[in-house]
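Only one structure is covered here, and it is reproduced in the block below.
Every read-out reported here was derived from the displayed coordinates using simple, explicitly stated rules and does not represent laboratory data. All values derive from a computational prediction rather than experimental measurement. Cβ coordinates were reconstructed from backbone atoms using ideal geometry, including for glycine residues, and neighbour counts include every protein chain displayed.
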Amino acid sequence: MINSLDVFKVGQPWPPADQDERDRIAEHQKNRKLYEELHLDIFPKYNAYINDKLHDDKKQYIIIGLAETATTNYMDLLLGEAPEIEAPKVYPSPDEEVFIDVSRDGIGLYEISQDGITAANPETVYLVTDPGNIRKVTAYVFFAEFKEGEKSYVKLTIHEPGSITHKVFWLKDGKLNAEVPLSEFPAFASYQVDEEGKQYPFGKVDNAPMLVVRVDNALSSDRRYGRSDYTPSVHSLIEALDMAFAFRFETLAKFNRPIPVVPETAAPFDHALQRRVFKTENAIITKEGDPPSSYLTWAADLASVEREIDQLMVQLLIKLKLSPVLLAGQGEGHAESGTALRIRLIPTLSKVRKFATALKVAIPQVQSLKSKLDAALGIEGSQAYEPEDVTVHMQDGIPDDPMERAQIRLTKAQAIGTLKAQGVIDGATSLRAAIICKIIPKEALAEMVDDPETESMIAAATGRLREENSMNF
């Protein structure tokens, strides 16, 4: 792990010689390729199988893109209906981009600047951590490599609490060879920095915040950043599915094509190829005793392959917490009620709720930081506010069902009417209180009410039930 900014000085190797950070960025790159369905780049066995030229015309490159499908469905349920944000001023925010990274890479980053709120790519940042706390990031070092003529350069943007440092280094022989002034590059010449390349967005004050907000996926005690949803088991299951589908296609292509069976006279000898060649456009000349022409077909037994595909698919959906109802073709033509759909989506919704919890924490922080930055920069109409001034109302992304809601109201009304007619409840009691009264005999309830303490407890409980129930009668 990188614990000091000294690794970003002249003479140091580039990229930094830190194995933990190299492994993290390599993991992000591999997960991005899985998300972008570049399977031949990350699955060596599948690559070797597809590129084996023997019987190449019978092979088909098949991609099982369930990793991208899973993340897309998480985002549809999380942000398909935009969250309602209440704040003194709401700024545009790339929440979907950040949370795609959270799902895919295990970590998502908001970067706040004068130009707005952007999503930073975890592949192009180094995490500088506190030696005593591997999760506490003391600096985020964003990098971008580019070329000018024959020379290669890297631009570093270093976020620390209260400051942003901009540096450009000339790269040579795998090292940061020399630092180059920003003024030599038109794209960076307008940066207002001090002699050290630093900016102080909030002025040189104590306890100024860092303009990066990080969101982690699932964490365990030994992890310094969130775990991707594309775990090694997901990678292996998708590669196995790619192979199984491609093998099934190849087998069917080989054995389900009829092969002509003709007499020798129908296949003249080709001296160039040194073998007999049958041409369908030629007339077939037969002689007495020749067998009749026919087609030979093979029945490929793919039952074991089908079972393998089914089992792999089940395991992959379990690992991705992806409900089959979200996949095209599952339950096609069957319209489900909102309640039934929620029940079938329980595994996926539990995953999405964790994202929603993280989003409800991140949005107030990001919005507040942007408001404070704009106020510090003196932008007209800006007003600094705290995260506590922001309220986020999340949606569940599941289509509303007006008919179902109407049926629920009708059922409640019928239940209340029945209980009123039986004299169990009066007109001011909610349905939930009515159920309690139905369970407790009316006579026993009357005796309990004679006790002033019990009576006050029942009154308080009934009041709470009325507040909890959206439909009071």
Quiz item: Within region 42-130, which trypsin sites (Lys or Arg not before Pro) sit in a loop by DSSP and count at most 11 neighbouring Cβ atoms inside 10 Å?
Solution: 53
Quiz item: Between residue 47 and residue 418, what is the label-to-label distance in nm when each label sits 7 Å out along the Cα-to-Cβ direction?
Solution: 6.6
Self-check item: Prolate/oblate/rounded label for region 1-58 (Cα gyration tensor, a/c 1.5)
Solution: prolate
Practice problem: Report, to two decimal places, the Cα Rg of region 1-152 normalised by 2.2 N^0.38 Å (N = number of residues). | Solution: 1.35
Self-check item: Rough spin-label spacing in nm, given labels placed 7 Å along Cα→Cβ, for residue 231 and residue 310
Solution: 2.5
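What does the highest-first list of 69-79, 307-317, 368-378 look like by mean Cβ count within 10 Å?
So the order, starting with the most tightly packed, is 69-79, 368-378, 307-317.
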Quiz item: For the pair residue 124 and residue 249, what calculated FRET efficiency results from E = 1/(1 + (r/R0)^6), where r is the Cβ-Cβ distance and R0 = 51 Å, to the nearest 0.05?
Solution: 0.85
Exercise. Please find the FRET efficiency linking residue 350 to residue 388, where r is the Cβ-Cβ separation and R0 is fixed at 41 Å, and quote it to the nearest 0.05.
Key: 0.90
Exercise. Sum up the charges of everything whose Cβ sits under 9 Å from the Cβ of residue 120, counting Lys and Arg as +1 and Asp and Glu as -1, but leave residue 120 out.
Key: -2
Exercise. Using +1 at the Cβ of each Lys and Arg and -1 at the Cβ of each Asp and Glu in region 1-146, identify which of 13, 108, 78 lies farthest towards the dipole's positive end.
Key: 13
Quiz item: If r is the Cβ-Cβ distance from residue 113 to residue 218 and R0 is 30 Å, what FRET efficiency results, to the nearest 0.05?
Solution: 0.55
Quiz item: Once fully extended, how much extra length lies between residue 69 and residue 36, figured as 0.36 nm per residue of separation less the alpha-carbon to alpha-carbon distance?
Solution: 10.8 nm
Self-check item: Quotient of Cα Rg and 2.2 N^0.38 Å for region 68-219, N being how many residues it contains
Solution: 1.20
